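First comes the structure, then the notes that go with it.
The values are calculated or read from the model by the stated rules, or taken from the named source; none is laboratory data. Model, not experiment: these values are computed from the prediction. Because the Cβ atoms are built from the backbone with ideal geometry, glycine has one as well, and the counts that use them run over all protein chains shown.
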Amino acid sequence: MIDDLIIGFDRALRTLSGNVSAARPAPGAQLPEADLDLRARRQAGALMRVNHTGEVCAQALYVAQSLVARDPAIKERYSRAAREEEDHLAWTRQRLSELSDRPSLLNPLWFAGSFAIGIAAGAAGDRVNLGFVVETERQVEEHLSGHMDELPAADAKSRAIVLQMRDDEVRHGAMAMEAGGVPLPWPVKRVMQGAADVMRALAYRF
(Lines give C-alpha, C1' and ligand atoms only; values in the text may rest on other atoms or scores of the structure.)
Protein backbone atom coordinates (compact mmCIF):
# COMPACT_ATOMS: atom_id res chain seq x y z
CA MET A 1 0.00 0.00 0.00
CA ILE A 2 2.84 2.39 0.82
CA ASP A 3 4.44 1.73 -2.57
CA ASP A 4 1.09 2.32 -4.26
CA LEU A 5 0.66 5.61 -2.41
CA ILE A 6 4.12 6.79 -3.43
CA ILE A 7 3.46 5.88 -7.07
CA GLY A 8 0.08 7.61 -6.92
CA PHE A 9 1.56 10.75 -5.38
CA ASP A 10 4.27 10.84 -8.06
CA ARG A 11 1.66 10.49 -10.80
CA ALA A 12 -0.40 13.31 -9.27
CA LEU A 13 2.61 15.64 -9.19
CA ARG A 14 3.56 14.85 -12.78
CA THR A 15 -0.01 15.22 -13.98
CA LEU A 16 -0.56 18.64 -12.41
CA SER A 17 2.91 19.98 -13.19
CA GLY A 18 2.75 18.91 -16.83
CA ASN A 19 5.89 16.80 -16.40
CA VAL A 20 4.60 13.88 -18.46
CA SER A 21 5.92 12.19 -21.57
CA ALA A 22 4.22 10.00 -24.14
CA ALA A 23 5.38 6.48 -24.89
CA ARG A 24 3.80 6.73 -28.34
CA PRO A 25 4.33 9.48 -30.92
CA ALA A 26 1.53 12.03 -31.07
CA PRO A 27 -0.99 11.14 -33.79
CA GLY A 28 -0.77 13.58 -36.68
CA ALA A 29 2.68 14.83 -35.64
CA GLN A 30 3.84 14.55 -39.25
CA LEU A 31 0.94 16.64 -40.56
CA PRO A 32 1.49 20.31 -41.45
CA GLU A 33 0.08 22.96 -39.13
CA ALA A 34 -3.18 24.37 -40.47
CA ASP A 35 -3.46 28.08 -41.18
CA LEU A 36 -6.30 28.73 -38.73
CA ASP A 37 -7.84 32.14 -38.21
CA LEU A 38 -8.07 33.50 -34.67
CA ARG A 39 -11.61 32.24 -34.07
CA ALA A 40 -10.83 28.71 -35.27
CA ARG A 41 -7.60 28.60 -33.25
CA ARG A 42 -9.42 29.65 -30.09
CA GLN A 43 -12.11 27.03 -30.70
CA ALA A 44 -9.53 24.30 -31.20
CA GLY A 45 -7.62 25.44 -28.11
CA ALA A 46 -10.72 25.47 -25.93
CA LEU A 47 -11.72 21.98 -27.04
CA MET A 48 -8.22 20.59 -26.52
CA ARG A 49 -8.16 22.22 -23.07
CA VAL A 50 -11.34 20.29 -22.24
CA ASN A 51 -9.71 17.09 -23.50
CA HIS A 52 -6.56 17.77 -21.47
CA THR A 53 -8.67 18.28 -18.35
CA GLY A 54 -10.45 15.02 -19.08
CA GLU A 55 -7.08 13.28 -19.07
CA VAL A 56 -6.18 14.93 -15.76
CA CYS A 57 -9.39 13.45 -14.38
CA ALA A 58 -8.57 10.06 -15.91
CA GLN A 59 -5.21 9.97 -14.14
CA ALA A 60 -6.87 10.74 -10.82
CA LEU A 61 -9.55 8.11 -11.34
CA TYR A 62 -7.13 5.34 -12.28
CA VAL A 63 -4.75 6.14 -9.42
CA ALA A 64 -7.61 6.09 -6.90
CA GLN A 65 -9.30 3.00 -8.30
CA SER A 66 -6.02 1.11 -8.39
CA LEU A 67 -5.32 1.99 -4.75
CA VAL A 68 -8.55 0.40 -3.53
CA ALA A 69 -8.84 -2.48 -6.02
CA ARG A 70 -8.70 -5.89 -4.34
CA ASP A 71 -7.63 -8.06 -7.27
CA PRO A 72 -3.95 -7.68 -8.32
CA ALA A 73 -4.90 -8.49 -11.94
CA ILE A 74 -7.37 -5.59 -11.94
CA LYS A 75 -4.71 -3.30 -10.46
CA GLU A 76 -2.45 -4.24 -13.36
CA ARG A 77 -5.20 -3.46 -15.89
CA TYR A 78 -5.66 -0.03 -14.33
CA SER A 79 -1.91 0.57 -14.46
CA ARG A 80 -1.75 -0.24 -18.19
CA ALA A 81 -4.76 1.94 -18.96
CA ALA A 82 -3.34 4.82 -16.92
CA ARG A 83 -0.09 4.65 -18.91
CA GLU A 84 -2.00 5.01 -22.18
CA GLU A 85 -4.03 7.84 -20.69
CA GLU A 86 -0.71 9.51 -19.85
CA ASP A 87 0.00 9.50 -23.58
CA HIS A 88 -3.27 11.37 -24.05
CA LEU A 89 -2.26 13.83 -21.35
CA ALA A 90 1.07 14.56 -23.04
CA TRP A 91 -0.48 14.80 -26.52
CA THR A 92 -3.16 17.27 -25.48
CA ARG A 93 -0.69 19.35 -23.47
CA GLN A 94 1.63 19.53 -26.46
CA ARG A 95 -1.24 20.43 -28.78
CA LEU A 96 -2.34 23.23 -26.46
CA SER A 97 1.15 24.69 -26.66
CA GLU A 98 1.13 24.45 -30.45
CA LEU A 99 -2.18 26.32 -30.49
CA SER A 100 -0.74 28.99 -28.14
CA ASP A 101 -3.28 28.05 -25.49
CA ARG A 102 -3.09 26.79 -21.90
CA PRO A 103 -4.46 24.04 -19.63
CA SER A 104 -7.45 24.69 -17.38
CA LEU A 105 -6.70 26.80 -14.32
CA LEU A 106 -9.00 24.49 -12.34
CA ASN A 107 -7.09 21.26 -12.99
CA PRO A 108 -6.06 20.77 -9.33
CA LEU A 109 -9.75 20.90 -8.40
CA TRP A 110 -10.70 18.41 -11.12
CA PHE A 111 -7.92 16.06 -10.03
CA ALA A 112 -8.98 16.14 -6.38
CA GLY A 113 -12.64 15.61 -7.20
CA SER A 114 -11.93 12.75 -9.59
CA PHE A 115 -9.64 11.10 -7.04
CA ALA A 116 -12.43 11.17 -4.44
CA ILE A 117 -14.90 9.71 -6.94
CA GLY A 118 -12.43 6.96 -7.83
CA ILE A 119 -11.98 6.02 -4.18
CA ALA A 120 -15.77 5.87 -3.73
CA ALA A 121 -16.20 3.69 -6.83
CA GLY A 122 -13.44 1.34 -5.73
CA ALA A 123 -14.82 1.05 -2.21
CA ALA A 124 -18.00 -0.44 -3.67
CA GLY A 125 -16.04 -3.48 -4.90
CA ASP A 126 -14.03 -4.50 -7.92
CA ARG A 127 -17.00 -5.26 -10.19
CA VAL A 128 -18.64 -1.89 -9.49
CA ASN A 129 -15.24 -0.26 -9.86
CA LEU A 130 -14.91 -1.82 -13.31
CA GLY A 131 -18.49 -0.88 -14.15
CA PHE A 132 -17.61 2.72 -13.37
CA VAL A 133 -14.76 2.50 -15.90
CA VAL A 134 -17.12 1.07 -18.52
CA GLU A 135 -19.61 3.93 -18.10
CA THR A 136 -16.89 6.59 -17.88
CA GLU A 137 -15.29 5.41 -21.10
CA ARG A 138 -18.67 5.22 -22.83
CA GLN A 139 -19.35 8.84 -21.94
CA VAL A 140 -15.84 9.90 -22.95
CA GLU A 141 -16.22 8.14 -26.31
CA GLU A 142 -19.45 10.06 -26.88
CA HIS A 143 -17.81 13.32 -25.85
CA LEU A 144 -14.82 12.82 -28.17
CA SER A 145 -17.11 11.97 -31.06
CA GLY A 146 -18.81 15.31 -30.45
CA HIS A 147 -15.45 17.06 -30.58
CA MET A 148 -14.75 15.54 -33.98
CA ASP A 149 -17.78 17.50 -35.18
CA GLU A 150 -16.81 20.71 -33.34
CA LEU A 151 -13.11 20.96 -34.17
CA PRO A 152 -12.23 23.14 -37.17
CA ALA A 153 -12.26 20.95 -40.29
CA ALA A 154 -8.78 22.20 -41.25
CA ASP A 155 -7.21 21.28 -37.90
CA ALA A 156 -6.04 17.82 -38.92
CA LYS A 157 -3.46 17.60 -36.10
CA SER A 158 -6.02 18.02 -33.31
CA ARG A 159 -8.48 15.74 -35.07
CA ALA A 160 -5.87 12.95 -35.35
CA ILE A 161 -5.20 13.15 -31.60
CA VAL A 162 -8.87 13.06 -30.69
CA LEU A 163 -9.50 10.11 -33.00
CA GLN A 164 -6.72 8.04 -31.43
CA MET A 165 -7.88 8.99 -27.95
CA ARG A 166 -11.39 7.81 -28.80
CA ASP A 167 -10.09 4.47 -30.07
CA ASP A 168 -8.09 3.97 -26.87
CA GLU A 169 -11.08 4.83 -24.65
CA VAL A 170 -13.26 2.29 -26.45
CA ARG A 171 -10.62 -0.35 -25.78
CA HIS A 172 -10.35 0.58 -22.11
CA GLY A 173 -14.10 0.31 -21.69
CA ALA A 174 -14.13 -3.10 -23.39
CA MET A 175 -11.28 -4.20 -21.11
CA ALA A 176 -13.26 -3.26 -18.02
CA MET A 177 -16.39 -5.01 -19.28
CA GLU A 178 -14.43 -8.16 -20.10
CA ALA A 179 -12.86 -8.12 -16.63
CA GLY A 180 -16.31 -8.30 -15.01
CA GLY A 181 -17.70 -4.78 -14.81
CA VAL A 182 -21.38 -4.53 -13.91
CA PRO A 183 -23.83 -1.96 -15.28
CA LEU A 184 -24.33 1.04 -12.99
CA PRO A 185 -27.80 2.19 -11.89
CA TRP A 186 -29.38 4.83 -14.10
CA PRO A 187 -29.28 7.59 -11.41
CA VAL A 188 -25.53 7.08 -11.00
CA LYS A 189 -25.02 7.39 -14.74
CA ARG A 190 -27.00 10.64 -14.75
CA VAL A 191 -24.94 12.09 -11.89
CA MET A 192 -21.74 11.14 -13.73
CA GLN A 193 -23.02 12.81 -16.90
CA GLY A 194 -23.99 15.95 -15.01
CA ALA A 195 -20.60 16.22 -13.32
CA ALA A 196 -18.85 15.74 -16.67
CA ASP A 197 -21.00 18.45 -18.27
CA VAL A 198 -20.02 20.92 -15.54
CA MET A 199 -16.33 20.06 -15.96
CA ARG A 200 -16.48 20.52 -19.74
CA ALA A 201 -18.32 23.84 -19.50
CA LEU A 202 -15.85 25.32 -17.01
CA ALA A 203 -12.71 23.88 -18.62
CA TYR A 204 -13.80 25.26 -22.00
CA ARG A 205 -13.65 28.79 -20.56
CA PHE A 206 -11.13 28.55 -17.73
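Below, the figures for the structure above:
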| read-out | value |
| --- | --- |
| Hey, ALA12 over 29 Å from PRO152 (Cα atoms) and modelled with pLDDT under 90 or not | yes |
| Qualifying residue in region 45-68 (condition: at negative phi, within 17 Å of the chain's Cα centre (by Cα) and free of Cβ contacts under 8 Å to residues at least 12 places away in the same chain) | no |
| Unique residue being surrounded by fewer than 16 Cβ atoms within 10 Å (Cβ to Cβ) and assigned to a helix (DSSP H, G or I) when the list is SER66, SER97 | SER97 |
| Region 178-187 - residue that is modelled with pLDDT of 90 or more and assigned to a helix (DSSP H, G or I) and, of those, farthest from GLU135 (Cα to Cα) | PRO187 |
| Leading residue by the ranking (surrounded by the fewest Cβ atoms within 10 Å (Cβ to Cβ)) among those in region 153-169 that are touching a residue at least 40 places away in the same chain (Cβ under 8 Å) and in a loop (DSSP other than H, G, I, E, B) | ALA154 |
| Residue satisfying all of: in region 100-129; of a type in the set (A, V, I, L, M) and under 17 Å from MET199 (Cα atoms); surrounded by the most Cβ atoms within 10 Å (Cβ to Cβ) among these | ILE117 |
| Options ARG83, ARG77: the member that is crowded, with 20+ Cβ neighbours inside 10 Å and part of a helix (DSSP H, G or I) | ARG77 |
| Residue in region 170-206 that is surrounded by the fewest Cβ atoms within 10 Å (Cβ to Cβ), counting only those that are within 16 Å of the chain's Cα centre (by Cα) and basic (Lys, Arg) | ARG171 |
| Yes/no for VAL162 being modelled with pLDDT of 90 or more, touching a Gly at 6+ places or on another chain (Cβ under 6 Å) and among the β-branched types (Val, Ile, Thr) | no |
| Candidate set: region 15-51, residues that are outside any loop (DSSP other than H, G, I, E, B) and polar (S, T, N, Q); chosen: the one modelled with the lowest pLDDT | SER17 |
| Yes/no for VAL134 being crowded, with 18+ Cβ neighbours inside 10 Å and either in a helix (DSSP H, G or I) or under 17 Å from the mean Cα position of the chain (by Cα) (or both) | yes |
